[in-house]
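Notes to accompany the following structure.
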Amino acid sequence: MIVRPLTQDFDWDQYFDLTNRAFGPADQDMVQPSIEPVVAAGRCLAAFDGDRMAGTALYHDMRQWWHGRAVPMAGVAGVKVAPEYRGQGVGRALMTALTEIMAERGYPLSALYPATMTIYRSLGWEIAGHRHEAVLPSRALSVMARPQAGAAARVRRPGPDDAAEVLDVIGRAHADARDCGPVTYDEPTVRRWLTHPGRYADRDRYAYLAPDGFLGYRWQHGNDQIFIERVVASSASTTRALWAVAASNSTVAETARAQVGPSDPLWWMLREQDANIAERESWMLRLLDAPAAIAARGFPAADLAVPLQVTDDLRPGNSGRWDLTVQAGEGRLSRRRTGPAAPSPAGPPLALGARGFAALYAGTPVATLRRAGLAEGGSPDADAALDGAFAATPFMLDGF
């Protein structure tokens, strides 16, 4: 079995045959335009048994927001193995090689949505957050979202030349909210989504842009349901104006389904308890470069100094004794110094594997990590300090 990057002259028929065998029928006209730039950038690997494609794995170039800061993140997707090759180490070989490439290219973090968690946990990924879909009668939106006079004049349809502005607006909204977990794609991907006026993907998806907010939605089940992929905004007036655009479809759609975070303003804007969580999908996180991941993450304005002992078999550069410090919202992970003149945090180190470190990064309380067998050692004072520094309720508004 040979694992190598796919090149642009590969056999598309083999790729879609593998996709259909592994995942079920796929729409080639939808999948191919999104995969072609990934292959061109060398971000898609395939495992070959002779000339036969036995499996693939790829990653997207993304940014993930952690306490309001954008961290480069490799979003793993398209991991599939032909049925007759499953259970023979093909998936592990693909993910091991892909992890090496992602780390070599400077990504501190990687995230993925698992079809099965066992293999990813064995390679250091751990549950970090969720993607939620709320369902409610569309009439509840029309009652909730009544925009202020003149607000609609600030909302427009973006085109491909607005890709950078769309990313900037979404990024500022996540930064202002100090969000943890949401992602943004690279500019060429967003430009491709915005290629058709009024549509931001190769399906019937529609977008609206304001100076400090963005709305994306699409129709489902004909026109019976509107699916609101995201409403992000930095101000109350824009939040209400964008929800009003979505709510205007309540004269046609009976139901609204919306991707929202646990602290989305929607929950506080609804007049009644009309919305329920209809779907909750977990995603997993891994630290590829632990010092870089800590340095890039945002933190509350609190100080801490805690010793860590990390074990990471797949990324041995993350292993060893570390001093974790946070000061004035900046984090640092430095090799523990030894000797009488080397000041270091006192107390026993908190011992973490790759899974435990990923879960801690995502805000899982240390007490939970201990009970799950993902942490040991440390001290009660250090646990409290870590809980305060990493506190988060991570969510995503994108599946990939």
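The values are calculated or read from the model by the stated rules, or taken from the named source; none is laboratory data. Not measured: the values here are computed from a predicted model. Cβ sites come from the backbone with ideal geometry, for glycine too, and all protein chains shown count toward neighbours. We work out accessible area using only protein heavy atoms, side chains counted, and drop any ligands, DNA or RNA first. Shrake-Rupley method; radii C 1.70, N 1.55, O 1.52, S 1.80 Å.
A few remarks follow.
- The condition of being open to solvent by less than 40 Å² (accessible area, probe 1.4 Å), closer than 26 Å to Val71 by Cβ and modelled with pLDDT under 95 holds for only one of Leu194, Leu288, Leu209, that being Leu194.
- Residue in the stretch 228-241 that is without any contact (Cβ under 8 Å) to a residue 40 or more places away in the chain, part of a strand (DSSP E or B) and of a type outside the set (Lys, Arg) present: yes
- When residues in the stretch 242-268 are screened for being touching a Lys or Arg at 6+ places or on another chain (Cβ under 8 Å) and either part of a strand (DSSP E or B) or modelled with pLDDT of 95 or more (or both), 1 of them pass.
- Some residue of the stretch 276-284 being open to solvent by 20 Å² or more (accessible area, probe 1.4 Å), among the β-branched types (Val, Ile, Thr) and under 13 Å from Leu136 (Cβ atoms): yes
- Pair list, Cβ under 7 Å, 6 or more apart: the stretch 38-59 residue more than 14 Å from Val90 (Cβ to Cβ), other residue part of a helix (DSSP H, G or I) and open to solvent by less than 10 Å² (accessible area, probe 1.4 Å): Cys44/Val38; Leu58/Val38; Tyr59/Leu98; Tyr59/Met102
- Residue match in the stretch 75-84 (condition: closer than 30 Å to Ala391 by Cα, more than 15 Å from the chain's Cα centre (by Cα), in a loop (DSSP other than H, G, I, E, B) and at pLDDT 95 or above): no
- Any hit, the stretch 369-381, residues being free of Cβ contacts under 8 Å to residues at least 60 places away in the same chain and among the acidic types (Asp, Glu): yes
- Exactly one residue out of Ala103, Ala54, Ala93 is in a strand (DSSP E or B), at negative phi, surrounded by 18 or more Cβ atoms within 10 Å (Cβ to Cβ) and among the small types (Gly, Ala, Ser), and it is Ala54.
- Candidates are the residues of the stretch 63-84 that are touching a residue at least 60 places away in the same chain (Cβ under 8 Å) and under 23 Å from Ala22 (Cβ atoms); the one that is surrounded by the most Cβ atoms within 10 Å (Cβ to Cβ) is Ala74.
- Taking the numbered list (1) modelled with pLDDT under 95; (2) touching a strand residue (DSSP E or B) at 6+ places or on another chain (Cβ under 9 Å); (3) surrounded by fewer than 20 Cβ atoms within 10 Å (Cβ to Cβ) in turn, Ser138 passes all entries but (3).
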